[in-house]
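Novice: Input: one structure, supplied below.
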């Protein structure tokens with residue numbers, strides 16, 4: 001049975017190669033073509049863009065603590081994106097048809113991978129700025145965690161990642177709207193995917209900490225208690241402390 | 001403009017196209033009516049053309065299709081049960097899947113007669129076979145979704161010591177899965193001419209309450225215990241209250 005995506009107006013011929021400008025522009029006709037046609041080089045292009053883009057950004061923020069922390073964070077950021085896409089592939093693939101968007105498992109996984117690719121590319125473009133900011137900051141020493149520099153870096157990370165995430169999701173929404181032909185269906189599917197990815201992504205981020213590192217703790221890939229607790233328990237604990245005292 | 005007269009009355013609504021709560025359940029189109037093959041075909045049909053599945057469940061292949069749906073439900077529940085068991089490990093690795101699979105089937109079995117009665121009371125032309133098929137579809141879709149949540153559940157089960165937190169997470173996943181299963185059931189009821197949504201909602205409340213009580217009757221599903229089944233009878237709200245009270249808050253480190 002042809003899916004609505006396949007029976008929709010046929011898109012412009014998609015470039016067979018991994019075309020960066022089309023992805024950045026969010027050219028829905030081209031992206032729709034990418035979803036419908038199998039292409040290993042394009043898939044490899046997406047994976048490479050995630051590894052390099054998120055990796056460069058990770059290196060920029062991690063190098064504030066030490067060069068080795070930069071290497072570790074460069075490995076961990078792409079890992080979070082790829083593991084989130086992989087871990088939720090089946091869930092996202094099931095939710096799409098149940099919510100009215102008749103895509104295959106391969107197509108849903110690729111759609112999410114494309115949005116992660118865009119996110120990684122935007123992060124990569126901000127890397128020089130972040131690196132410049134980090135280079136101009138005083139080195140991370142004990143007590144920095146409460147200082148202005150640390151707050152500045154934290155705030156700028158939140159801003160950059162929020163901007164990249166928002167842009168990637170707006171592009172994904174446009175693509176889903178084109179595929180489904182319905183704003184409501186596209187919005188429902190996006191919300192469901194976001195909820196699942198947020199749940200798994202935050203926990204993977206928690207497990208793979210640290211990213212900045214701490215001057216009072218050793219530089220290491222994973223903390224010895226990496227699997228102890230989770231993000232939501234930490235949040236609940238902080239809220240409890242906040243409202244108790 | 002309709003061209004009806006006493007000698008040419010409008011056609012009576014068929015069972016398949018009768019309104020349910022004012023909403024017509026459209027007949028499946030030709031593509032949706034394609035035959036359902038083996039297990040893979042059923043999985044695909046359940047997700048992409050549920051109206052086709054409901055149509056075939058009333059046909060000559062009903063027994064085979066119900067068998068496939070129950071097989072999906074059993075395998076899905078067992079696999080998700082293994083993930084639930086990984087939180088505590090040990091005997092829970094086999095006890096949790098056994099309890100979850102048996103509990104789900106038992107829950108479906110004891111709620112099935114009431115669904116048949118409710119369906120008839122609302123004017124549906126459902127036969128008992130149709131109702132069995134719909135419940136089998138409900139269970140299959142639920143467990144399929146639960147299975148897709150398994151990677152997320154596993155990651156969390158390896159990262160926390162809190163039985164209450166893991167129990168809440170499994171409950172959330174189960175509720176989401178039940179929502180989608182209920183949509184399948186609702187379509188089936190509408191297709192068979194049920195005229196009231198109230199009966200459907202009422203039955204769903206019964207089903208959810210029975211399933212929640214099952215989590216207490218078969219405890220522990222997440223945590224550990226000395227015995228396979230509990231020695232003491234308890235209402236599920238009391239059990240959950242005790243589980244949350246006993247749960248010690250952790251003070252996770254962040255950096």
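Novice: Within region A:148-158, is there a residue that is crowded, with 23+ Cβ neighbours inside 10 Å and either part of a helix (DSSP H, G or I) or away from chain B (no Cβ under 14 Å) (or both)?
Specialist: No, region A:148-158 contains no residue that is crowded, with 23+ Cβ neighbours inside 10 Å and either part of a helix (DSSP H, G or I) or away from chain B (no Cβ under 14 Å) (or both).
Novice: If only one of B:181, B:193 is away from every other protein chain (no Cβ under 14 Å) and closer than 30 Å to residue B:123 by Cα, which one is it?
Specialist: Being away from every other protein chain (no Cβ under 14 Å) and closer than 30 Å to residue B:123 by Cα holds for just one of B:181, B:193, which is B:193.
Novice: Step by step: first the residues of region A:85-102, then only those that are more than 7 Å from every other protein chain (Cβ to nearest Cβ) and in a helix (DSSP H, G or I), then the one that is surrounded by the fewest Cβ atoms within 10 Å (Cβ to Cβ). Which residue is that?
Specialist: Only one residue fits best here, namely A:86.
Novice: Condition first: part of a helix (DSSP H, G or I), within 22 Å of residue B:201 (Cα to Cα), in contact with a helix residue (DSSP H, G or I) (Cβ under 8 Å, 6 or more places away or on another chain) and more than 14 Å from every other protein chain (Cβ to nearest Cβ). Can you find one or more residues in region B:136-147 that meet it?
Specialist: Checked region B:136-147: at least one residue is part of a helix (DSSP H, G or I), within 22 Å of residue B:201 (Cα to Cα), in contact with a helix residue (DSSP H, G or I) (Cβ under 8 Å, 6 or more places away or on another chain) and more than 14 Å from every other protein chain (Cβ to nearest Cβ).
Novice: Given the conditions (1) more than 18 Å from residue B:135 (Cβ to Cβ); (2) surrounded by fewer than 17 Cβ atoms within 10 Å (Cβ to Cβ); (3) at pLDDT below 90, and given that residue B:41 satisfies all but one, which numbered condition is not satisfied?
Specialist: Status for residue B:41: all satisfied but (3).
Novice: Identify the residue in region A:226-239 that is over 15 Å from residue A:72 (Cβ atoms) and more than 7 Å from every other protein chain (Cβ to nearest Cβ) and, among all such residues, is nearest to the chain's Cα centre (by Cα). Walk me through it before giving the result.
Specialist: So in region A:226-239, the residues over 15 Å from residue A:72 (Cβ atoms) come out as A:227-239.
Going one step further and asking which of them are more than 7 Å from every other protein chain (Cβ to nearest Cβ), we end up with A:231-232, A:235-236, A:238-239.
On the way: A:231: 17, A:232: 19, A:235: 21, A:236: 24, A:238: 25, A:239: 26 Å.
So the residue we want is A:231.
Novice: Still on this structure, please answer the following. Determine if region B:227-248 includes at least one residue that is out of contact with any helix residue (DSSP H, G or I) (no Cβ under 6 Å at 6 or more places or on another chain), within 14 Å of another protein chain (Cβ to nearest Cβ) and surrounded by fewer than 20 Cβ atoms within 10 Å (Cβ to Cβ).
Specialist: Yes - at least one qualifying residue is present in region B:227-248.
Novice: Moving to a separate point now. Yes or no: region B:197-208 includes at least one residue that is more than 10 Å from every other protein chain (Cβ to nearest Cβ) and either more than 22 Å from residue B:118 (Cα to Cα) or in contact with a strand residue (DSSP E or B) (Cβ under 9 Å, 6 or more places away or on another chain) (or both).
Specialist: Within region B:197-208 (the criterion being more than 10 Å from every other protein chain (Cβ to nearest Cβ) and either more than 22 Å from residue B:118 (Cα to Cα) or in contact with a strand residue (DSSP E or B) (Cβ under 9 Å, 6 or more places away or on another chain) (or both)), the answer is yes, since at least one residue qualifies.
Novice: Test residue A:82 against the criterion of being assigned to a helix (DSSP H, G or I) and either within 11 Å of chain B (Cβ to nearest Cβ) or closer than 25 Å to residue A:189 by Cβ (or both), and give yes or no.
Specialist: So residue A:82 fits the description; yes.
Novice: Filter region A:225-239 for residues that are surrounded by 12 or more Cβ atoms within 10 Å (Cβ to Cβ) and free of Cβ contacts under 8 Å to residues at least 12 places away in the same chain and give the result. Give the steps one after another, and end with the answer.
Specialist: Going through region A:225-239, the residues surrounded by 12 or more Cβ atoms within 10 Å (Cβ to Cβ) turn out to be A:226-238.
Correct list: A:228, A:233, A:235, A:236, A:237, A:238.
Novice: Given (1) touching a helix residue (DSSP H, G or I) at 6+ places or on another chain (Cβ under 8 Å); (2) more than 8 Å from chain B (Cβ to nearest Cβ); (3) in contact (Cβ under 8 Å) with a residue 12 or more places away in the chain, identify the lone condition not met by residue A:183.
Specialist: Unmet for residue A:183, out of (1) touching a helix residue (DSSP H, G or I) at 6+ places or on another chain (Cβ under 8 Å); (2) more than 8 Å from chain B (Cβ to nearest Cβ); (3) in contact (Cβ under 8 Å) with a residue 12 or more places away in the chain: (3).
Novice: Only one residue in B:91, B:100, B:110 is on the phi < 0 side of the Ramachandran plot, modelled with pLDDT of 95 or more and more than 13 Å from every other protein chain (Cβ to nearest Cβ), so which one is that?
Specialist: Result: B:100 is the single residue among B:91, B:100, B:110 that is on the phi < 0 side of the Ramachandran plot, modelled with pLDDT of 95 or more and more than 13 Å from every other protein chain (Cβ to nearest Cβ).
Novice: If we only count helices (runs of 4 or more DSSP H) wholly inside region A:1-53, which ones have 1 or more residues that are out of contact with any helix residue (DSSP H, G or I) (no Cβ under 6 Å at 6 or more places or on another chain) and modelled with pLDDT under 85? Please lay out each step first, then the result.
Specialist: Values: elements: A:4-7, A:20-25, A:28-36.
By residue number, A:4-7, A:20-25.
Novice: I'd like the residue in region B:48-88 that is closer than 17 Å to residue A:98 by Cα, without any contact (Cβ under 8 Å) to a residue 60 or more places away in the chain and crowded, with 20+ Cβ neighbours inside 10 Å and, out of all such residues, is nearest to the other protein chains (Cβ to nearest Cβ).
Specialist: Among them, the one singled out is B:49.
Novice: Related question: Among the residues of region A:208-224 satisfying the criterion of being facing another protein chain (nearest Cβ under 7 Å) and surrounded by fewer than 21 Cβ atoms within 10 Å (Cβ to Cβ), which is nearest to residue A:166 (Cα to Cα)?
Specialist: Checked region A:208-224; the qualifying residue nearest to residue A:166 (Cα to Cα) is A:209.
Novice: Right, another one. Taking residue B:195, is it within 20 Å of residue B:109 (Cα to Cα) and not in a helix (DSSP H, G or I)?
Specialist: no
Novice: Which of the residues spanning region B:148-165 are in contact with a helix residue (DSSP H, G or I) (Cβ under 8 Å, 6 or more places away or on another chain) and more than 27 Å from residue A:96 (Cβ to Cβ)?
Specialist: Hits for region B:148-165 are B:159, B:160, B:162, B:163, B:164, B:165.
The values are calculated or read from the model by the stated rules, or taken from the named source; none is laboratory data. As the structure is a computational prediction, the values presented were derived from the model and not from experiment. Every residue, glycine among them, receives a Cβ derived from its backbone with ideal geometry; neighbour counts consider all protein chains shown.
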